[in-house]
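*Asks:* Okay, here's the structure, questions in a sec.
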Amino acid sequence: MTLSNEQRKIIEDSIRNIPDFPKKGIVFKDITTLLNNKEAYGVLMNHLFERYKGYNLDYIAGIDARGFIFGAALAQMLGLGFVPIRKKGKLPYTTISEKYILEYGIDEVEVHIDAFGEIKGARVLMIDDLIATGGTANAAAKLIKQTGAECVEACFILSLSFLDGQKKLKEITNVYSLIEVN
């Protein structure tokens, strides 16, 4: 299931562009205006519910931090558990981690070792607000696999397709982006 043109317009029109943030030449896609727009957020969440209700999922995993907003709400709508994939040092229990390369350095994400409970091969949807270069998303998908779960699909509200982040991620899992930004 994909967005209708009308749904896409409602969501796109609710996302604010902030020029030259966080640095000159970058146009930041601000989703706070999507979140406080009850019509746009409702269209988005209802679309995600309709898309994923037949996927036979066990969990939704959201990437720190904006993936929590969409992932936790969708998990509740689908009657599933939610698993946070956090930046290093934020989870209180025993974790596994995956490093990834940034433009200027290395970062790391982690998940609890028992994040997907006792379900062997748990079917997991991974979600975040945006995919750019794909480093964080690739690391998160690898983490899901390390736990013995299956990342059925990675879902993003926005994809900065000119940065090719989806290309690498598609080697690991299926990818669905609602809105492509060229």
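*Asks:* Across segment 35-64, which residue is farthest from the chain's Cα centre (by Cα) among those that are under 17 Å from Ala115 (Cα atoms) and hydrophobic (A, V, I, L, M, F, W, C)? So that I can check it myself, show each step before the final result.
*Replies:* Taking segment 35-64 as the starting set, the residues that turn out to be under 17 Å from Ala115 (Cα atoms) are 57-64.
Remaining after also requiring hydrophobic (A, V, I, L, M, F, W, C): 57, 60-61, 63.
Values: Leu57: 15, Ile60: 10, Ala61: 8, Ile63: 6 Å.
The selected residue is Leu57.
*Asks:* State whether one or more residues within segment 6-13 are surrounded by fewer than 13 Cβ atoms within 10 Å (Cβ to Cβ) and in contact with a strand residue (DSSP E or B) (Cβ under 6 Å, 6 or more places away or on another chain).
*Replies:* No, that holds for no residue.
*Asks:* Return the pairs, sorted by first residue and then second, in which the second residue is modelled with pLDDT under 90 and outside any helix (DSSP H, G or I), the first residue lies in segment 162-174 and is over 16 Å from Leu102 (Cα atoms), the beta carbons are less than 7 Å apart, and the residues are 6+ apart or on different chains.
*Replies:* Phe162/Asn182
*Asks:* Would you mind finding the one in Lys87, Lys167 that is over 23 Å from Met45 (Cα atoms), in contact with a strand residue (DSSP E or B) (Cβ under 7 Å, 6 or more places away or on another chain) and among the charged types (D, E, K, R)?
*Replies:* The match here is Lys87.
*Asks:* Looking at segment 58-107, which of the residues that are of a type in the set (Phe, Trp, Tyr) and farther than 23 Å from Lys23 by Cβ is surrounded by the fewest Cβ atoms within 10 Å (Cβ to Cβ)?
*Replies:* Checking each candidate, the answer is Tyr93.
*Asks:* Check whether at least one residue in segment 40-50 is without any contact (Cβ under 8 Å) to a residue 60 or more places away in the chain, touching a strand residue (DSSP E or B) at 6+ places or on another chain (Cβ under 9 Å) and farther than 19 Å from Val175 by Cβ, and report yes or no.
*Replies:* no
*Asks:* Might you check whether a residue that is part of a loop (DSSP other than H, G, I, E, B), in contact with a helix residue (DSSP H, G or I) (Cβ under 8 Å, 6 or more places away or on another chain), hydrophobic (A, V, I, L, M, F, W, C) and farther than 17 Å from Arg86 by Cβ occurs anywhere in segment 149-156?
*Replies:* No - not one qualifying residue is present in segment 149-156.
*Asks:* Further, regarding this structure: How many residues are under 20 Å from Arg123 (Cα atoms), assigned to a strand (DSSP E or B) and not aliphatic (A, V, I, L, M) if we restrict to segment 56-97?
*Replies:* 8
*Asks:* Here's another thing I want to ask about it. Identify the residue in segment 140-166 that is more than 12 Å from the chain's Cα centre (by Cα) and small (Gly, Ala, Ser) and, among all such residues, is surrounded by the fewest Cβ atoms within 10 Å (Cβ to Cβ).
*Replies:* If we take residues in segment 140-166 being more than 12 Å from the chain's Cα centre (by Cα) and small (Gly, Ala, Ser), then Gly148 is surrounded by the fewest Cβ atoms within 10 Å (Cβ to Cβ).
*Asks:* What number of residues within segment 126-138 are within 17 Å of Ala115 (Cα to Cα) and either charged (D, E, K, R) or surrounded by fewer than 21 Cβ atoms within 10 Å (Cβ to Cβ) (or both)?
*Replies:* Here the count works out to 0.
*Asks:* Name the residue that is farthest from Leu160 (Cα to Cα), counting only residues in segment 104-139 that are touching a helix residue (DSSP H, G or I) at 6+ places or on another chain (Cβ under 6 Å) and not in a strand (DSSP E or B).
*Replies:* Residue satisfying both the conditions and the ranking: Asn138.
The values are calculated or read from the model by the stated rules, or taken from the named source; none is laboratory data. For clarity, every value in this text was computed on a predicted model and none was experimentally measured. Virtual Cβ from ideal backbone geometry, glycine too; neighbours counted across all protein chains shown.
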